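The values are calculated or read from the model by the stated rules, or taken from the named source; none is laboratory data. Being a predicted model, the structure only gives us computed values, none of them experimental. FYI the Cβ positions are ideal-geometry reconstructions off the backbone, even for glycines, and counts take in every protein chain you see. Surface accessibility is based on the protein's heavy atoms, side chains included, excluding ligands, DNA and RNA. Shrake-Rupley method; radii C 1.70, N 1.55, O 1.52, S 1.80 Å.
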Amino acid sequence: MDSSKELIKTVDLLLDISSLLMVSGANTNRVNLSIYRFASALHFNTSCFISHKSIVMTVYEDNSTLSCTRVKNIPPYAINFSIISSVSKASWTAVEEHWTLDKISKEIETIKKQKRYPKLVVLIAVSLSGAGFCNIFKGDYLNMGVAFFSTFIGLLIFQLTHKEKYNVYLRIFSASLIASILASLGIIFNIGSNPQTALATSILFLVPGVALINSFTDFLDNNIINGMVRFTTGLMTVLAIALGLFIAMILFQLN
Amino acid sequence: MLTTILNLLEVAAWSGIAALGFGILFNIPKSVIFTVFMLGFTAGLIKFSLMYFNVHIVLATFIAVFFVGIICMPVAHKIHHPPVVFCIPPTIPMIPGYFAYETVLSVMNFIFMEDDQAKRVELIDTIFTNGFTMIFILISIAAGISLPMLLLRKDSVKKIEE
């Protein structure tokens with residue numbers, strides 16, 4: 001193959017991998033490490049600039065003047081730890097077994113095709129974790145039932161609005177509003193011994209845990225810009241959640 | 001005594017379930033499901049046992065999360081997955097949701113409802129107590145999860161000898 005064509009193919013593949021990792025919720029350090037591993041398996045050097053919405057990357061060789069620089073836009077984020085794990089495993093095997101370009105791109109295609117858990121399983125698991133939260137904050141079984149129900153409906157709203165391609169903060173706001181309205185009914189009708197906990201925990205499924213933890217690790221690695229972006233995203237999410245809760249509390253005059 | 005232990009175990013089991021629920025939301029690989037549950041269970045057990053012995057919630061959370069941060073290194077070698085995959089879900093049940101709720105509630109009362117001066121001072125006290133407890137818990141989660149790796153000065157778990 002022509003060496004410049006190979007360079008273009010390599011940079012496209014590496015960009016694909018790094019955008020896949022960013023979308024799945026890896027921190028910047030992990031993206032850099034994975035690119036470094038894949039590039040060293042292919043005997044190339046890379047330098048790149050990673051931001052929240054796009055990646056710029058240059059691939060070059062030590063003993064030649066050829067180089068290739070490309071930019072890739074990152075699609076919307078959807079956290080997926082299975083992909084992070086498989087890409088990490090693939091990067092180690094690629095280094096150990098000296099994989100070729102074709103083999104790596106084939107592996108990445110199979111990783112991309114991995115299925116997510118079915119929506120119903122996710123709904124039930126997350127609602128159970130809402131009930132679990134309610135137990136942690138000293139709610140009884142009736143409160144846990146309320147938390148389970150409101151989390152279920154809230155997440156359902158969140159999933160359904162995803163198909164309609166609404167703005168993500170609007171989706172978070174409406175999910176939080178509906179979940180907290182349902183949980184407020186528990187306070188109005190005085191269900192269980194501690195109905196406030198159900199309201200407090202019914203919205204916790206929206207908490208941007210991954211964004212905030214990644215933002216902190218990015219700060220520690222001196223990736224300040226990405227850390228700031230992730231922190232701001234997390235903050236916006238928290239504001240949207242709080243606004244939904246706030247409006248539900250005003251509607252029902254809870255104090 | 002027995003009821004206390006049973007209560008602690010129950011609340012720890014629910015933290016495990018909460019961790020697992022978030023894990024499934026983040027689409028963790030099927031082979032780490034059990035690990036996530038056990039880590040969530042252990043972290044919850046540590047946190048609530050410490051709180052039973054009157055350790056402050058911030059310190060208890062920090063110790064529990066720090067434990068997760070340390071234990072994830074040998075576990076990562078054993079089950080062959082990078083630590084992020086099974087370290088973030090068990091820390092999610094530590095998120096101070098109730099403190100956040102209390103803060104929002106008292107801010108709302110302070111702005112929209114309360115006119116009595118003495119009660120307004122009380123509300124300021126509630127806002128600050130709950131708000132800062134929440135912030136300190138968040139800091140202790142973030143520090144506890146990343147401190148073990150920083151102390152070992154390694155950027156990948158693979159390079160740490162077993």
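Annotations
- Qualifying trypsin sites (Lys or Arg not before Pro) for the stretch A:86-152 [loop in DSSP, other Cβ within 10 Å: at most 16]: A:Lys113, A:Lys115, A:Arg116, A:Lys138
- Convex hull volume of the protein assembly as shown per residue (C-alpha atoms, cubic angstrom): 153 Å³
- At 1.567 mPa s and 4 °C, Stokes diffusion of the stretch A:3-112 via Kirkwood alpha-carbon radius, µm² per second: 94 µm²/s
- Measuring r between the beta carbons of B:Asn7 and A:Leu66 and using R0 = 56 Å, the FRET efficiency lands at 0.25.
- The share of accessible area on the protein assembly as shown that comes from carbon and sulfur is 66 percent, using a 1.4 angstrom probe.
- Dimensionless Rg over Rh [the stretch B:2-159; C-alpha; Kirkwood]: 1.07
- Per-residue HN-Hα couplings for the stretch A:49-63 [Karplus 6.51, -1.76, 1.60; θ = phi - 60°; Hz; x = Gly/Pro]: 10, 10, 10, 5, 10, 7, 10, 10, 9, 10, 10, 8, 10, 5, 10
- Annotation for the B:A interface, with buried accessible surface near 4600 Å², both sides summed [1.4 Å probe; non-protein components not counted].
- Solvent-accessible area per residue, Å², over the stretch A:3-112 with all protein chains present [probe radius 1.4 Å]: 46 Å²
- Partners for A:Lys72 among aspartates and glutamates (Cα-Cα distance below 12 Å; same-chain residues under 8 apart left out): A:Asp12, A:Asp16
- Interface residues, the stretch B:7-22 - accessible area loss of 20 Å² or more versus chain alone, probe 1.4 Å: B:Glu10, B:Val11, B:Trp14, B:Ile17, B:Ala18, B:Gly21, B:Phe22
- Mean shadow area of the stretch A:85-178, taken as a quarter of the surface of its Cα convex hull (nm²): 9.0 nm²
- Normalised contact order of chain A, rounded percent, pairs of Cα under 8 Å and 6 or more residues apart: 17 percent
- For the stretch B:18-32, backbone phi angles converted through the Karplus equation (6.51, -1.76, 1.60; θ = phi - 60°) give residue-by-residue couplings of 4, 4, 5, x, 5, x, 5, 4, 8, 6, 6, x, 4, 6, 9 Hz, Gly and Pro being listed as x.
- Net charge of neighbours whose Cβ lies under 12 Å from the Cβ of A:His43, counting Lys and Arg as +1 and Asp and Glu as -1: -3
- Between A:Thr93 and A:Asp12, full extension at 0.36 nm per residue minus the direct alpha carbon distance yields a gain of 27.1 nm.
- Per residue, the accessible area of the stretch B:2-159 comes to 47 Å² when a 1.4 Å probe rolls over the protein heavy atoms.
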